[in-house]
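**Student:** Got a structure for you, written out below as structure tokens; questions coming shortly.
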Ligand SMILES: Cc1cc2nc3c(=O)[nH]c(=O)nc-3n(C[C@H](O)[C@H](O)[C@H](O)COP(=O)(O)O)c2cc1C
């Protein structure tokens, strides 16, 4: 079984010009080029979460990465949800609740920060090795353009059904996102995210058995034990997010980085209170307050994100964990405060030694 795992790893690494089967997760807001380049220089694949970036920022990110590394990188986009319904009373209740946590938003907006079509175009022009999707599938004309440009498509899936849809639409690999994962849950249908929480231990082999393309395991892999387990379960590589957040290159707010290092699995929770989309975060004071009786339910995405914008910005500026957006996966406590390249090298050295025993 471990022989087969190593063969899968070799095939995957050869196909994507990697020496180590570790991909940095694309983490919107927490993926500076320096972090991605450090991962690629250590033999893995860098990652960029481009959700909030306009075309110039996308081009700039790719240029900065290329100035620091010749290795491979992926760029990631969220596939937009349908426009949410508006409810003035609900929006007022949420705005009033948030007044205790930060400045009021000027107005709530359901607009996307940058048009999705423009972001797709900018990604294709940036020519990453891989474009990855989350929350849905790239439209066929985007898939055709990226493939014509020699760019592979990795599609995030949280269920077997989503993985099969992605494979049928042309995905070159499936990122199987287990419910341990930090950050947003990639469910194609936002309303079903809570009901579709499946851990990596069950999801990775289920998707591996169902599809013919390589599977990349995401969620809870933060040391050699997790990587060996994921590869034994059928993955060809792992996608790692939270374990890189304490690396100096990530440059996240110190209070967030410190809390990650202390967090036991149950110190994280899933919540819609930051954006309206389900995601896994540290259980901060703000999250706890949103779970109290009488607190208004979060607005649908992206209205809740718009409503919490000023609070999140203030939390980050003042290094105040209570109200910052503090995404973290369930293996947070394994994240090490070490250079990202060291993290990649030490995880893979130990994992490989276990696999070839
Ligand atoms: C701070 C943060 C931001 C994230 N942003 C994105 C994103 O923009 N796009 C995406 O596909 N996944 C995003 N994710 C999810 C990761 O891609 C990945 O599924 C997750 O980090 C894996 O689990 P782990 O954190 O336990 O390693 C984010 C995760 C974190 C922690």
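The values are calculated or read from the model by the stated rules, or taken from the named source; none is laboratory data. What you see is a predicted model; the values in this text were computed from it and never measured. In this analysis, Cβ positions are derived from the backbone assuming ideal geometry, glycine residues included, and neighbour counts consider all displayed protein chains.
**Student:** Of all residues in segment 10-43, which are within 22 Å of residue 150 (Cβ to Cβ) and within 13 Å of the ligand (Cβ to nearest atom)?
**Tutor:** Across segment 10-43, the qualifying residues are 23, 24, 26, 36, 39.
**Student:** Does residue 229 qualify as being in contact (Cβ under 8 Å) with a residue 12 or more places away in the chain, touching a helix residue (DSSP H, G or I) at 6+ places or on another chain (Cβ under 9 Å), assigned to a helix (DSSP H, G or I) and closer than 20 Å to residue 350 by Cα?
**Tutor:** Spelling it out, residue 229 is indeed in contact (Cβ under 8 Å) with a residue 12 or more places away in the chain, touching a helix residue (DSSP H, G or I) at 6+ places or on another chain (Cβ under 9 Å), assigned to a helix (DSSP H, G or I) and closer than 20 Å to residue 350 by Cα.
**Student:** Any residue at all in segment 198-217 that is closer than 30 Å to residue 311 by Cβ, touching a residue at least 40 places away in the same chain (Cβ under 8 Å) and either within 14 Å of the ligand (Cβ to nearest atom) or assigned to a loop (DSSP other than H, G, I, E, B) (or both)?
**Tutor:** Within segment 198-217, none of the residues are closer than 30 Å to residue 311 by Cβ, touching a residue at least 40 places away in the same chain (Cβ under 8 Å) and either within 14 Å of the ligand (Cβ to nearest atom) or assigned to a loop (DSSP other than H, G, I, E, B) (or both).
**Student:** Any idea how many residues of segment 248-281 are more than 21 Å from residue 320 (Cβ to Cβ), within 13 Å of the ligand (Cβ to nearest atom) and either assigned to a loop (DSSP other than H, G, I, E, B) or modelled with pLDDT under 95 (or both)?
**Tutor:** Final tally of qualifying residues: 2.
**Student:** Right, residue 224: in contact (Cβ under 8 Å) with a residue 40 or more places away in the chain, surrounded by fewer than 24 Cβ atoms within 10 Å (Cβ to Cβ) and in contact with a strand residue (DSSP E or B) (Cβ under 6 Å, 6 or more places away or on another chain) or not?
**Tutor:** no
**Student:** Regarding segment 154-162, can at least one residue be identified that is away from the ligand (no atom under 13 Å from the Cβ) and either more than 28 Å from residue 282 (Cα to Cα) or at pLDDT below 95 (or both)?
**Tutor:** Yes, there is a match, as at least one residue in segment 154-162 is away from the ligand (no atom under 13 Å from the Cβ) and either more than 28 Å from residue 282 (Cα to Cα) or at pLDDT below 95 (or both).
**Student:** Report, ordered by the first and then the second residue, all pairs with beta carbons closer than 6 Å, sequence separation of six or more or different chains, a first member in segment 110-128 that is free of Cβ contacts under 8 Å to residues at least 60 places away in the same chain, and a second member that is not in a helix (DSSP H, G or I).
**Tutor:** Correct list of pairs: 116/80; 124/149.
**Student:** How many residues are in a loop (DSSP other than H, G, I, E, B) and within 14 Å of the ligand (Cβ to nearest atom) when one looks only at segment 47-80? Give the derivation first.
**Tutor:** Quick first cut of segment 47-80, residues in a loop (DSSP other than H, G, I, E, B) only: 50-54, 69-72, 79-80.
From the residues that got through so far, the ones that are within 14 Å of the ligand (Cβ to nearest atom) too are 50-53, 79-80.
Residues flagged as in a loop (DSSP other than H, G, I, E, B) and within 14 Å of the ligand (Cβ to nearest atom) within segment 47-80 amount to 6.
**Student:** If you check 96, 167, 162, which single one turns out to be touching a helix residue (DSSP H, G or I) at 6+ places or on another chain (Cβ under 9 Å), in a helix (DSSP H, G or I) and within 23 Å of residue 276 (Cβ to Cβ)?
**Tutor:** 162
**Student:** Have a look at 308, 271, 284 and point out the one that is more than 30 Å from residue 43 (Cα to Cα), out of contact with any helix residue (DSSP H, G or I) (no Cβ under 6 Å at 6 or more places or on another chain) and buried (at least 18 other Cβ atoms within 10 Å of the Cβ).
**Tutor:** 308
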